[in-house]
């Protein structure tokens, strides 16, 4: 299935889960309350996602004088992609990795770790930055922010259901459904998380393809991903788990169970698709 179509289907599933959860828990009024909460959270996420992400990652903006080659590569790739040049940040970490953030191409930023500047050659670094510009071009930051907020709102509904059960709220309300409340408490947050992760994985495949087209060298991006995956397994980054999905490769360590909730698709498949280009 086309990854773009898959993203829209998953977003629709997340929205439907949210709306149905609100209605099952407290009828039409509950659905409307949940919708208002989600819209408010989405508004905040849209305007502040870049500031929050950069602050949580302890990224610092660098000038052209501080990192001339990095700025030069970003400017060249942005020109090829038909995008405004994003702001450039560095995260002080020996583990090589990178991410992009910003609500739209006019308010975007790319961040790389100090380690990536040592680990990759120029072609590989261009491939990584092309991937991040692919996220910006495809407006993935906005999509992932909305998905995260929707998943968070569903968890909020689950918390509401839990307190309603504890205090016996709505027991005499003909619209209340104790079984639905239990489902909201247990199943809905898990389903929302899995859908959110699936959305993120689909967008990574698209960004890989877009990034390879921008830099013009799929093999360089594939080589970079292989190196980054190896480094991040050996030296996992100390990052907030909430920001892990932004990075080009998973900065956190984890076993088989953690892979079920991974925000990134299997590295072997990403590399296979790039080499097939």
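Looking only at residues in segment 56-88 that are within 17 Å of residue 133 (Cβ to Cβ) and touching a residue at least 60 places away in the same chain (Cβ under 8 Å), the one that is surrounded by the fewest Cβ atoms within 10 Å (Cβ to Cβ) is 80. Cβ-Cβ distances below 9 Å connect the following pairs, each with a first residue in segment 34-49 that is closer than 23 Å to residue 105 by Cα, a second residue that is assigned to a helix (DSSP H, G or I) and at pLDDT 75 or above, and a separation of six or more residues or different chains: 45/52. The residue pairs whose first member lies in segment 97-109 and is without any contact (Cβ under 8 Å) to a residue 40 or more places away in the chain, whose second member is buried (at least 21 other Cβ atoms within 10 Å of the Cβ) and assigned to a loop (DSSP other than H, G, I, E, B), and whose beta carbons are closer than 8 Å, counting only pairs six or more residues apart or on different chains, are 105/86.
Tell me yes or no: at least one residue of segment 129-139 is more than 17 Å from residue 250 (Cα to Cα) and free of Cβ contacts under 8 Å to residues at least 12 places away in the same chain. Checking segment 129-139: not a single residue is more than 17 Å from residue 250 (Cα to Cα) and free of Cβ contacts under 8 Å to residues at least 12 places away in the same chain. Residue 53 falls short on exactly one of the conditions (1) part of a helix (DSSP H, G or I); (2) touching a strand residue (DSSP E or B) at 6+ places or on another chain (Cβ under 6 Å); (3) surrounded by fewer than 21 Cβ atoms within 10 Å (Cβ to Cβ), and that condition is (3). For segment 70-186, the helices (runs of 4 or more DSSP H) that sit wholly inside it and include 2 or more residues that are modelled with pLDDT under 65, farther than 24 Å from residue 228 by Cα and touching a helix residue (DSSP H, G or I) at 6+ places or on another chain (Cβ under 8 Å) are 140-166.
The values are calculated or read from the model by the stated rules, or taken from the named source; none is laboratory data. Here the structure is a predicted model, which means the values were calculated and not measured. Methodologically, a virtual Cβ is constructed for each residue, glycine included, from the backbone with ideal geometry; neighbour enumeration extends over all protein chains shown.
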